[in-house]
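The values are calculated or read from the model by the stated rules, or taken from the named source; none is laboratory data. Here the structure is a predicted model, which means the values were calculated and not measured. Cβ placement follows ideal geometry from the backbone for every residue including glycine, while neighbour counts extend to all protein chains displayed. For accessibility, only protein heavy atoms count, side chains too; no ligands or nucleic acids. Shrake-Rupley method; radii C 1.70, N 1.55, O 1.52, S 1.80 Å.
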Amino acid sequence: MTDTDIERDFDPAYGRAVNIADGVARLTAQNPSPFTAHGTNGYLIGNKTLTIIDPGPDVEGHLDIWLKAIAGRRVDHIVLTHTHLDHTPMAHRLRTETGAPVVAFGPHRAARPLHDGETNSFAESSDTDLVPDRKIGDGERLACDGFVLQAVHTPGHTANHLAFALEGTPFLFSGDHVMGWSTTIVAPPDGSMGDYMASLEKLLARPETIYLPGHGAPVKSAHGFVRGIRSHRRMRERAIVERLNAGDETIAEMVKVIYRTTNPNLHGAAALSILAHLEALVERGAVETDGPPLAGGRYRLAG
């Protein structure tokens, strides 16, 4: 994936729902940031009754915007792709306002336990208070006013991440697993690069061709884009191996070279991405470290 593949031309149309197809509309929260692009995309599925996907943050005025878009219709489900706080707080509000149950894979959890001396850099970004009213697992289906959503477990960004295929259409709601505006943050211990790469393969085996992501514009020609993401991640892994071969031992040393053209404000996230790759390389026996893989550890090629 190159910069030419990234789609940053997107009108969030704050304050109103944008029709995408019959019975499918997008509503974008006004919470722009380096990690959320223009803001968090929520979706409405249905015509007479509604299922809502990822209603987003509880920012000023956003509840009123959602209620205007709902327009008095019954809300059958509030569905979550995952439990980061740019996706979930409005679910609490809408559950109270509409009585609709919150549906998700499960409560927030890390991909693995913390190692001794390790902290979770993204702990404050997670909604640890949310307990879904209904858990939905991989392959399970949800009826939505003439439509059917199929849950697709796609761990990697978080352990409980789901995508949702809208059966009989080309659409898949990809959450934060695949986004057109940026690569996805995979940050241990919340995330797992091994899981993330396996989830990319899972999506490539599916028929959907248009992804509706948690941030940014729709991803068209989705399989080609996913193959580009896969190539980009493999290229990043090769760059890490090259830095180890050149004598770098720490993540800080690698970030300075590999991410030299990246906004310094994002170097913290970049370091976590490198840690995720190193964790996967250690698991495969290609890289060694003393003890478990840690952000402050020292690394070397195996053998």
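Worth pointing out:
Table: residues versus (1) of a type in the set (S, T, N, Q); (2) within 15 Å of VAL186 (Cβ to Cβ); (3) free of Cβ contacts under 8 Å to residues at least 12 places away in the same chain.
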{"position": "TYR211", "(1), (2), (3)": "no, no, no"}
{"position": "SER221", "(1), (2), (3)": "yes, no, no"}
{"position": "ARG227", "(1), (2), (3)": "no, no, no"}
{"position": "THR261", "(1), (2), (3)": "yes, no, yes"}
{"position": "PRO293", "(1), (2), (3)": "no, yes, no"}
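- The range 69-83, subset without any contact (Cβ under 8 Å) to a residue 40 or more places away in the chain and charged (D, E, K, R), residue nearest to ASN160 (Cα to Cα): ARG74
- Per-region count, the range 32-47, residues open to solvent by 60 Å² or more (accessible area, probe 1.4 Å) and of a type in the set (A, V, I, L, M): 0
- Of all residues in the range 127-147, those that are under 16 Å from THR88 (Cα atoms) and at pLDDT 95 or above have Cβ atoms under 6 Å from Cβ atoms of residues that are of a type in the set (Ser, Thr, Tyr) and open to solvent by less than 80 Å² (accessible area, probe 1.4 Å), 6 or more apart or on another chain, in ASP127/THR83; ASP127/THR88; LEU130/THR83; LEU130/THR88.
- Residues (open to solvent by 40 Å² or more (accessible area, probe 1.4 Å) and either on the phi > 0 side of the Ramachandran plot or in contact with a Phe, Trp or Tyr (Cβ under 6 Å, 6 or more places away or on another chain) (or both)) located in the range 211-224: SER221
- Candidate set: the range 15-26, residues that are of a type in the set (Gly, Ala, Ser) and open to solvent by less than 20 Å² (accessible area, probe 1.4 Å); chosen: the one farthest from ASN263 (Cα to Cα): GLY23
- Condition broken by ALA29, with the remaining ones in (1) closer than 30 Å to LEU266 by Cβ; (2) open to solvent by 30 Å² or more (accessible area, probe 1.4 Å); (3) of a type outside the set (Ser, Thr, Tyr) satisfied: (2)
- Reported count of residues in the range 139-183, each being over 24 Å from LEU44 (Cβ atoms) and either open to solvent by 10 Å² or more (accessible area, probe 1.4 Å) or of a type outside the set (A, V, I, L, M, F, W, C) (or both), is 4.
- Of ARG227, ARG234, ARG238, ARG260, all but one fail to be charged (D, E, K, R), open to solvent by 60 Å² or more (accessible area, probe 1.4 Å) and in a loop (DSSP other than H, G, I, E, B); the exception is ARG260.
- Boolean, THR183 is within 22 Å of ASN31 (Cα to Cα) and either modelled with pLDDT of 95 or more or touching a Ser or Thr at 6+ places or on another chain (Cβ under 6 Å) (or both): no
- Residues that are touching a residue at least 60 places away in the same chain (Cβ under 8 Å), open to solvent by less than 10 Å² (accessible area, probe 1.4 Å) and among the polar types (S, T, N, Q) do not occur anywhere in the range 184-205.
- Considering the range 48-67, and only residues there that are part of a loop (DSSP other than H, G, I, E, B) and among the acidic types (Asp, Glu), the residue that is least open to solvent (accessible area, probe 1.4 Å) turns out to be ASP54.
- Restricting the range 93-137 to residues that are touching a strand residue (DSSP E or B) at 6+ places or on another chain (Cβ under 6 Å) and in a loop (DSSP other than H, G, I, E, B), the residue that is surrounded by the most Cβ atoms within 10 Å (Cβ to Cβ): PHE105
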